[in-house]
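See below for the structure under consideration.
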């Protein structure tokens with residue numbers, strides 16, 4: 001196939017990123033914003049040896065799953081993947097994605113994959129926004145989202161996925177920034193002050209955090225910004241400056257400076273109160289996180305007198321929500337500020353049977369083994385890359401009866417499940433949970449039990 005050639009094809013599947021897939025002359029062609037069931041004329045944009053990229057040139061017969069996108073920049077912004085299909089079709093794809101990963105990568109029976117738990121709220125569920133700051137074509141400061149696969153900012157005034165209050169904060173912030181005339185950070189030149197506007201909103205308590213990420217130690221008009229925010233938002237709890245002078249695409253730096261409030265907000269989850277600072281991990285879909293944790297607790301099947309180890313514990317949310325069911329909880333997290341928050345969260349909720357360790361998960365697991373710590377159940381909630389083999393080996397040596405694995409990536413989860421099975425664990429259940437509607441991401445909770453005699 002050559003560039004600009006046009007073929008008639010039918011979309012048969014989606015990639016993990018949500019692009020449609022069709023086959024032309026035996027070759028896979030990836031087509032953004034296509035829907036399974038579309039029959040269309042596809043123009044080839046780029047061709048490699050074994051695959052190609054294309055775009056819909058003309059729709060012949062649209063899929064029955066199609067719907068009109070309700071966002072004007074859906075085709076440009078990299079935030080959403082599935083605003084052009086029904087939510088039912090999106091859930092079918094995510095269910096298939098998890099099942100395919102378990103059967104093809106994990107070698108596990110598809111029967112252990114339970115029906116996906118959909119989210120009752122498909123918009124305005126994100127309690128966190130990290131918005132790159134840029135200038136529009138007229139030179140006015142604005143915020144936006146990166147275009148898919150790039151660092152080119154698409155300016156926007158509002159977003160359907162994020163908490164509605166964020167749209168008003170963006171307006172107040174950009175008005176202030178344009179009045180002050182503060183420079184915008186340039187990645188290519190590593191110059192300019194304003195990098196990101198970072199917002200968090202506690203859905204249950206309605207507390208608001210505004211964090212400004214800058215390429216400097218301070219910026220002019222700090223007091224004026226605080227006053228503007230206080231005058232416009234009665235629920236403003238704190239304003240924080242995050243200092244990031246590194247030449248990196250990592251959003252936040254390690255140093256925070258509080259301009260107003262205590263530097264954190266508090267939210268309620270599973271009947272507990274949690275302190276959330278700028279660098280703390282906290283699930284972006286609070287209501288669905290409660291469902292996720294309830295499922296994890298049900299699979300863990302904890303009993304009085306048992307010990308629970310929570311690896312990658314973040315601010316302690318998932319472990320602390322189960323602490324009342326066990327004799328002892330041990331949480332492990334590599335980020336110092338998250339561990340500090342976890343300890344204060346335990347104290348705030350009157351939980352006295354929790355211990356938190358600031359360390360790499362694999363090193364902490366080895367340390368616990370050297371202390372002869374007995375683990376009845378281990379929860380792992382790793383980043384997208386999954387668990388490394390050394391951690392899996394150490395978990396095996398700790399010999400928990402049950403492992404509950406919470407994952408945001410079906411492929412690395414299935415890979416790790418296969419490794420655990422090789423080390424004497426049987427996969428009992430896998431329950432997909434849609435934490436991120438309208439995107440290509442899907443969370444999965446898995447229960448593995450130790451096979452006796454292994």
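Most simply put, the chain has about 65% antiparallel DSSP beta bridges, counting only bridges with both residues inside it.
Rounded to the nearest whole angstrom, the semi-axes of the ellipsoid equivalent to segment 304-438, taken from the Cα gyration tensor as √(5λ), stand at 22, 18, 14, largest first. With the highest mean first, a sort of the peptides 243-250, 132-139, 82-89, 29-36 on other beta-carbon atoms found within 10 angstrom per residue produces 29-36, 82-89, 132-139, 243-250. Between residue 352 and residue 426, the simple label model (points 7 Å from Cα in the Cβ direction) yields a spacing of 4.0 nm. With Cα atoms as the point set, segment 111-236 shows a radius of gyration and Dmax of 16.6, 60 Å.
Computed with the Debye formula from one identical point scatterer per Cα of segment 360-421, without solvent, the log10 of I(q)/I(0) at q = 0.15, 0.24 Å⁻¹ comes to -0.41, -1.03.
Based on every Cα atom in segment 413-454, Rg and the maximum pairwise Cα distance Dmax equal 12.9, 45 Å.
Each Cα pair under 8 Å and six or more residues apart adds its separation to the average, and for the chain the resulting relative contact order is 12 percent. Between segment 243-284 and segment 182-217, the C-alpha centres lie 12 angstrom from each other.
Write down the Å³ per residue value for the convex hull defined by the alpha carbon atoms of segment 6-66. Spell out each step's value before the answer.
On the way: hull volume 4.4 nm³, N = 61.
In segment 6-66, the Cα convex hull volume per residue is 71 Å³.
Averaged over residues, the count of other Cβ atoms within 10 Å places the peptides 284-296, 437-449 in the sequence 437-449, 284-296, highest first. With a Förster radius of 30 Å applied to the C-beta separation of residue 136 and residue 189, the computed FRET efficiency comes to 0.95. For residue 147 and residue 419 in the same chain, what is the full-extension length gain: residue separation times 0.36 nm, less their Cα-Cα distance, in nm? Length gained between residue 147 and residue 419: 94.3 nm. With the alpha-carbon atoms of segment 284-378 aligned to their principal axes, the span from lowest to highest coordinate is 38, 30, 24 Å, starting with the largest.
Given their separation in residues at 0.36 nm each and the Cα-Cα distance between them, residue 64 and residue 224 gain 52.4 nm when the chain is fully extended.
When a/c reaches 1.5 or more, the comparison of a/b and b/c decides; with that in mind, is segment 1-128 rounded, prolate or oblate per its Cα gyration tensor? Here segment 1-128 falls in the oblate category.
Compute the distance from the alpha-carbon center of segment 93-118 to that of segment 31-49, in whole Å. Each part reduced to its Cα centre gives a spacing of 26 Å.
Laboratory data are not the source of any read-out in this text; all were calculated from the coordinates shown. Bear in mind the structure is a predicted one, so any value in this text is a computation, not a measurement. Positions of Cβ are backbone-derived with ideal geometry, glycine not excepted, and every protein chain shown enters the neighbour counts.
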